[in-house]
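*Asks:* Before anything else, here's the structure in question.
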Amino acid sequence: METQIKCDECNRFLFSTTTQKWGAIGCEAQNKGFIYKIPVLFTDKYERLFFCSKECQKKFYDKNIPKNKEVTEALQDLKTKIPDMAKDVCKKMAVLTNQVKG
């Protein structure tokens, strides 16, 4: 069975796929240069979204996704911590690797 994927804003045809799992379809969309979003932190109205461009994503979000200041701030805070968290994981992986080797 083939699934037709279209932009959720402009309805442009993006691609068709025989893949059955939405996560895999989302990966396929991203590999093709499209945008795949799961807006669960912002709304329960949409399970998944596909966009042809950042412009369509922004238009759709401005029209359909309510603003949530607390979630946005929490996500921004986490984004600023990513470099430090990545360094910490690398250090711990180096220790683990050395222990496995030794």
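The values are calculated or read from the model by the stated rules, or taken from the named source; none is laboratory data. Being a predicted model, the structure only gives us computed values, none of them experimental. Because the Cβ atoms are built from the backbone with ideal geometry, glycine has one as well, and the counts that use them run over all protein chains shown. Each accessible area value is taken on the protein alone, full model and side chains, heavy atoms only, with ligands, DNA and RNA left out. Shrake-Rupley method; radii C 1.70, N 1.55, O 1.52, S 1.80 Å.
*Asks:* Any idea which residue in the stretch 5-44 is farthest from E73 (Cα to Cα), counting only those that are polar (S, T, N, Q) and open to solvent by less than 30 Å² (accessible area, probe 1.4 Å)?
*Replies:* Step by step, filter the stretch 5-44, then rank; the result is T17.
*Asks:* Looking only at the stretch 1-21, which residues are touching a residue at least 40 places away in the same chain (Cβ under 8 Å) and of a type in the set (A, V, I, L, M, F, W, C)?
*Replies:* Hits for the stretch 1-21 are I5, C7, C10.
*Asks:* Of everything in the stretch 14-29, what is assigned to a loop (DSSP other than H, G, I, E, B) and not polar (S, T, N, Q)? Give them in sequence order.
*Replies:* Within the stretch 14-29, just K21 meets the criteria.
*Asks:* Anything in the stretch 30-47 that is over 13 Å from L14 (Cβ atoms) and in a loop (DSSP other than H, G, I, E, B)? List them, or say none.
*Replies:* Answer for the stretch 30-47, where residues must be over 13 Å from L14 (Cβ atoms) and in a loop (DSSP other than H, G, I, E, B): I38, P39, V40, L41, F42, T43, D44, K45, Y46, E47.
*Asks:* Still on this structure: Just to check your reading of the model, which residue among F34, F50, F42 is among the hydrophobic types (A, V, I, L, M, F, W, C), within 22 Å of I65 (Cβ to Cβ) and modelled with pLDDT under 95?
*Replies:* Being among the hydrophobic types (A, V, I, L, M, F, W, C), within 22 Å of I65 (Cβ to Cβ) and modelled with pLDDT under 95 holds for just one of F34, F50, F42, which is F42.
*Asks:* Report yes if some residue within the stretch 60-83 is aliphatic (A, V, I, L, M) and exposed (fewer than 10 other Cβ atoms within 10 Å of the Cβ); otherwise report no.
*Replies:* yes
*Asks:* Shifting gears a bit: Would you tally the residues in the stretch 45-59 being open to solvent by less than 90 Å² (accessible area, probe 1.4 Å) and not small (G, A, S)?
*Replies:* Selection size over the stretch 45-59: 8.
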